[in-house]
Amino acid sequence: MKIISTVCPRNCYSTCSFKVVIENNLVKSIQPHSGNLATLEGPCIKGLAYIERANSKDRILHPQKRIAAGKYERISWEEAIETIASKLSYYKGDFGPHSVLFFASSGMSGLLNGVSTSFWKMFGGATTTYGNLCWPAGLEATRLTLGANNHNAPWDLENAKLIIVWGKNPAESNIQQMIPIEKAQQNGAKYIVIDPRRTSSSERANVLFQIKAGTDAALALGLAREIIKNNWIDTDFINKNVVGFESFKKHVASYTPEKVAEICRISTSSIIELARLIGTIKPMTLIPGYGMQRYENGGQTTRCLLALSVITGNIGKKGACWHYANLQSYVFDDLKEPENYYPGCEHPSFRRKISVAKLGEDMLKMVNPEIKMIWVERGNPLTQNPNTNKIRKAFRKADFRVVVDQFMTDTAYEADIILPAKNMFEQSDIIGSYWNPYVQLKQKALEPAGEVKPETEIYCLLAHKLGMNSDEIKKNIPEPNDAEVEKYLNKFLEPFPELTLEKLKEGPLLPNSFEEIPFSDTIFPTPSGKIELYSEEAKSRWGVNPLPDYVPLVQEKTYPLQLLSPNSKNRIHSQFGNLNIIKQFEPEAYLFIHPNDANDRGIINFELVKLFNNEGSAEVKVQFDLGLRLGNVVLTNGHWAVDGATPNLFTKGIETDMGHGTAFHNTWVQIKKI
Amino acid sequence: MACVVGCTIENGTEIPLNWRIVNGHNHIKHPELPVFHFSLACNHCEDAPCMKHCPALAYTRDKKTGVIIHHAEACIGCTYCTWVCPYDAPKYNETTRIVEKCNFCVDRISEGTKPACTEACPTGALDFSFQEEVDLNNHITPGFVNVGIKPSIQLIPLRKEHTKPEIVNIDAVKIDAEYLDNYVPKPTSKIHLRKEWTLVLFTLSVSGLVAWQASGITSNVFVSPIAFFIIAIFAIVLTSFHVGKKLRMWRFILNVKGSWLSREIVGFGIFFSLGIITLFIKDNIFDFNELLPFVNSNALGYITIMFGIFTLISIDMVYSLLVRKDKFKLHSAMVWLTGLLLFAWFSDFILLIFLITLFKCVLYLMRKQALFNQKITYFPLITSIRLLVLVIPLIVLIAFPEISNSSLVILVFIGEIIDRSEFYYESDVKTPNGALTDLFRNTVKTT
């Protein structure tokens, strides 16, 4: 038996450290890790589910080739590599390297993912993607305003006297955040949630402001007006640190409580009361989620919210911060998110890029050359990118598809060749987190199962097969053994004497650059060096109002129900939902709906209905939820086709106003009885 | 749900037969009511009913930790513990055909580590420590089953100001309590007639046998030893259908000291044996007087009846722990009443038939009225048949004395089967989920 310190590499706030107990090359148990102050109590249900996931009978353990639709047959690695290499040479020779789409997503984070990019660079380039499905509108909004995406350490939250969780459901998406929230409440803090849904996170809140979806910016501007009107602003802080306050003040003047009440559908008195709380209770930590920026107006909305922290001086102080994203552990990146999502920042060989938000549409549009071959790793675009049907069409239009995955996902079922992917226990890697500030080692604990080869090894084999220069290969791709992988990682660690592999093997480490309270020095890396409520860059780069602004969403008239697709505790995007541990709690997808919306259509609780719009349709069971606003329906993110319905069947593929994010929630649907 | 999964992994239980369950209140999120959860497994109660009522002594208390341990090798799989535990802790496993239950990770806590559920909880909402005293006041928390058996669980009630959020939304619609009842799925009862029909026949056979034997002794009614024997064996076979491990059925008799179920089985065993002996003596098949000159067949007969009555009382005591939807302790389907009614019929004791029939009618009608008032489904046709087969034989008996009793007794017996079957249909077991649902329904009605 051995106990190994590691970290969950999923695209999740918490990035929990944990210890894994290994017996006979099998994962036996998952234990909490005391080295991470943010995740002291251990991982969530998904972290525990690794025991099933690592040992699952459904895992793909050998290369597979398609013999008929939905049917696959085991092939040897030699055959797989030979087939892929000959296809690559053919497409490169006849159509150029950009006829190959290299699609990678956020399925597993780590520095070794850079090897993939290096390979495709050596190949001569490939068509790649720009933008991001998740959070860039908010990141860009924050970057434009504060200059950087950093926030106070997670545990500082317990010092707050007012906590506002706005468009986030940490009880499901960042469960350990509920610990400091509870501690702050024990110390008398007020806890406010603003969300169109009543969520598990709102249960212990003092007040839930259940505003109309997509109107958050209007509320923020209305609150700002009240705060300014009552002189609850931090004048000293504004004078020293803020650009554009006067024009902002003028800008918000029209957002009277009456007007905002009409837009957001909450009472005027509640708006005035909320403004009083924000204006008079200090310190305040404002925790915006990623949900509310997944609208077309998401970037501007986030800027409006952030203005509340700015004008009340709740930045860079104990218990006071704008708690959006904390990129302090991303010490190895030359260019941080969101800027590295933007087209133009890449190596010239990747000059041809398509939008992740409009993946299907852009793929279908590509000419000279058309997309001939698709390579997918760390991703499941068929369920996770908008407009499943269009993506499927684009996938089927291509000639040849390779998918690297651990399980038969909806995307894997489109592949001509499936290569088995490593799991988190089978190769070491270094990862950061966007919530807790630690640099961590996802440590190898097991030899790969079956015939699984880590991507680095797959690329190494392919590079040799394609006859690439062996010096170049050596320089860019680690040889397939643990020592070489560690050497590769050590190159990144060199500039950071405080971070060594030896120490990382024991547990998470804080980089020397870590600040518990960022911006406490009031240095803001914006063009003006100050907090920019007024941002020229916002206008020049994105063509939006240089001031934070509310841009109403345009509702589709023919489809009266707005579909929200938030994350749930049972899955991280499309991962984990296939495991029995999870399936026992959520065996299939449910469309949550207010009973009154269902009654209008003669639908009863748990009835199977048809859910549809122009983009797609599916049959799914409804479940009544009195915690929803009328006119909102909810289908949680990450369901596979086998679960009944994936929300992206209905999403259109619209980019957010800034940051090249994805406006998932700009989606309207209709349901009817079957 | 991490606690549930932590338990599953540690104890290797089969999904979805989890030892730990997270019970929720207000799943549908009624805006006036709080949403909260009780993560519960075994509470290792000081007065543990599972241990007290287990006929096979399959439960013991660990001396060092106080944990109630279920011993798989001693369990018969009779599932009586799943009826008597109000926390739904013992779970019947269809594959192993025995019960299993949380053991509080006794090996871990003996070594000073916490149980897997508490270790797995990512927010620290569950914790474990050894404590001398539990604050029993906290067990009054609404929705928590409190039947005074001193569960070893310390609840930390929600802070009053954070019980539920004030919800601000000018489009909020008023929720009609009438409608709401249709929205909320009713919890499935733990007792199904479909599963328990063998018990209906067993309990009625036993009351029939006792009545027959008694009338044989007191009124010299002919009791065929062969028929008596066959019916008794039939009853035993029927009850064995209800038992997971038939070869361990002898263990039923181990807990006469504490369990009415043991008493029922022991009582029936003795009644059966003595009954056969009595009948044989009476029929002079064996000359017992030569063998055991001090045995007087009459005295033996009365002793047999005493054990028979004891068996019937035990049966009623076994079922007295169930939750009756009509809330009546005394009800028309009790087996001692059936026994008495059949005895009256067998002995042709018209006054007694009349009194018991009247009494049963009243009890039965009260029961149905109570269910009707609570809007619990009942079946008018079945109810009418039941009443008719109770009353008609009596009328026929008085009006047409020449008609043979035995055909009337069959009608009466059919009535008893209906009555007893309805009794199972109307009975349930206290569960945390049921308590939370009741709390929800009751508060919805009053808001």
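The numbers here are math on the coordinates, done by the rules we state, and not lab data. Please read all numbers here as calculations on a predicted model, not as lab measurements. Note that each Cβ is placed from the backbone with ideal geometry, even for glycine, and that neighbours are counted across all protein chains shown.
Using the Cβ-Cβ distance between B:Met306 and B:Phe328 with R0 set to 30 Å, the FRET efficiency works out to roughly 0.65.
Site pair A:Ser520 and B:Asn137 shows an inter-label distance of 4.1 nm when each label is modelled 7 Å from Cα along Cα→Cβ. List the lysines whose Cα sits under 28 Å from the Cα of A:Lys250, skipping any in the same chain fewer than 8 residues away. Cα-Cα hits under 28 Å: A:Lys212, A:Lys229, A:Lys240, A:Lys259, A:Lys282, A:Lys317, A:Lys530, A:Lys539. Using the rule -39500 (n - 2.57) for each DSSP H run of four or more residues, divided by the residues of chain A, the 222 nm mean residue ellipticity is -8000 deg cm²/dmol. Under 15 Å from a label point set 7 Å out along the Cα-to-Cβ vector of A:Lys183, the amide N atoms of the range A:307-327 belong to A:318-320. Note on A:Arg74 and B:Ile170: with the Förster distance fixed at 41 Å, the Cβ-Cβ geometry gives a FRET efficiency of about 0.10. Mean sequence separation of contacting Cα pairs (under 8 Å, at least six apart), scaled by the length of the range B:2-185, corresponds to a relative contact order of 22 percent.
Under 15 Å from the Cβ of A:Gly138, count the other residues' Cβ atoms, weight Lys and Arg +1, Asp and Glu -1, and hand me the total. Once all neighbours under 15 Å are counted, the net charge is -2. Going from the fewest other Cβ atoms within 10 Å to the most, the residues A:Leu489, B:Leu411 appear in the order B:Leu411, A:Leu489.
Summarising the label geometry, the points placed 7 Å from Cα in the beta-carbon direction at B:Asp127 and A:Arg276 lie 3.6 nm from one another.
Please arrange A:Leu579, A:Leu462 by how many other C-beta atoms lie within 10 Å of their C-beta, fewest to most. Walk me through the numbers before you get to the answer.
Numbers: A:Leu579 22, A:Leu462 19.
Ascending Cβ contact count within 10 Å gives the list A:Leu462, A:Leu579.
When the Cα atoms of the range B:312-433 are aligned to their principal axes, the ranges along those axes come out at 56, 31, 19 Å in descending order. Taking Cβ atoms as reference points and 12 Å as the exclusive limit, the residues near B:His331 contribute a net charge of +3, counting Lys and Arg as +1 and Asp and Glu as -1.
Note down the relative contact order for chain B as a percent, whole number, built from C-alpha pairs under 8 angstrom at least six residues apart. Don't skip to the end; give the middle numbers.
Working: 622 pairs, mean separation 86.2, N = 447.
Relative contact order here is 19 percent.
Sorting the Cα pairs of the range B:2-185 by distance into bins of 5 Å, from 0 upward, gives 1, 7, 14, 17, 18, 15, 10, 7, 5, 3, 1, 0, 0 percent per bin. Thinking of the protein assembly as shown as a set of Cα atoms, what percent of all their pairs are more than 43 Å apart? Of all Cα-Cα distances in the protein assembly as shown, 49 percent exceed 43 Å.
Label-to-label distance for A:Leu501 and A:Thr256 is 6.8 nm, based on points extended 7 Å past Cα in the beta-carbon direction.
Over chain A, what is the relative contact order in percent, taking alpha-carbon pairs closer than 8 angstrom and at least six residues apart? Intermediate values should be presented prior to the final figure.
Values: 1546 pairs, mean separation 141.4, N = 674.
Answer for chain A is 21 percent.
How much FRET efficiency would the formula 1/(1 + (r/R0)^6) give for A:Asn25 and A:Asn481, where r is the Cβ-Cβ distance and R0 is 25 Å, rounded to 0.05?
0.90
Sorted fewest first by neighbouring Cβ atoms within 10 angstrom, B:Thr163, A:Thr662, A:Thr651 come out as B:Thr163, A:Thr651, A:Thr662.
Placing +1 on each Lys and Arg Cβ and -1 on each Asp and Glu Cβ, with no other charges, gives the protein assembly as shown a dipole about its Cα centre of roughly 1240 debye.
Return the tail of the calculated pair distribution for the range B:196-428, meaning the percent of Cα-Cα pairs more than 22 Å apart. Please report the intermediate quantities before stating the final value.
Working: 14792 of 27028 pairs.
Value for the range B:196-428: 55 percent of Cα pairs lie more than 22 Å apart.
Using only side-chain charges placed at the Cβ, +1 for Lys and Arg and -1 for Asp and Glu, the dipole size of the range A:415-491 relative to its Cα centre rounds to 220 debye. In the neighborhood of B:Ile98, defined by Cβ-to-Cβ distances under 11 Å, what is the net charge if each Lys or Arg adds +1 and each Asp or Glu adds -1? Charge balance near B:Ile98 sits at +2.
So what is the calculated 222 nm ellipticity per residue for chain B, using -39500 (n - 2.57) for each DSSP H run with n of 4 or more, over all residues, to the nearest 500 deg cm²/dmol? Numbers along the way, then the final one.
On the way: 16 runs with 223 residues, N = 447.
After summing the helix terms and dividing by residue count, I get -16000 deg cm²/dmol.
Over its Cα atoms, what ratio of radius of gyration to 2.2 N^0.38 Å does chain B give?
Numbers: Rg = 25.8 Å, N = 447, 2.2 N^0.38 = 22.4 Å.
Against the compact-globule rule of thumb, the ratio is 1.15.
For the listed residue pairs A:Lys65/A:Lys92; A:Lys353/A:Lys491; B:Lys114/B:Lys430; A:Lys183/A:Lys442; A:Lys569/A:Lys652; A:Lys71/A:Lys353, the alpha carbons are over 27 angstrom apart in A:Lys353/A:Lys491; B:Lys114/B:Lys430; A:Lys183/A:Lys442; A:Lys71/A:Lys353.
Please go through the residue pairs B:Lys327/B:Lys360; B:Lys101/B:Lys325; A:Lys121/A:Lys474 and name each one whose alpha carbons sit more than 20 Å apart in this structure. Table pairs above 20 Å Cα-Cα are B:Lys101/B:Lys325.
Radius of gyration over Kirkwood radius for the range A:561-673, both on Cα atoms: the Rg/Rh ratio is 0.96.
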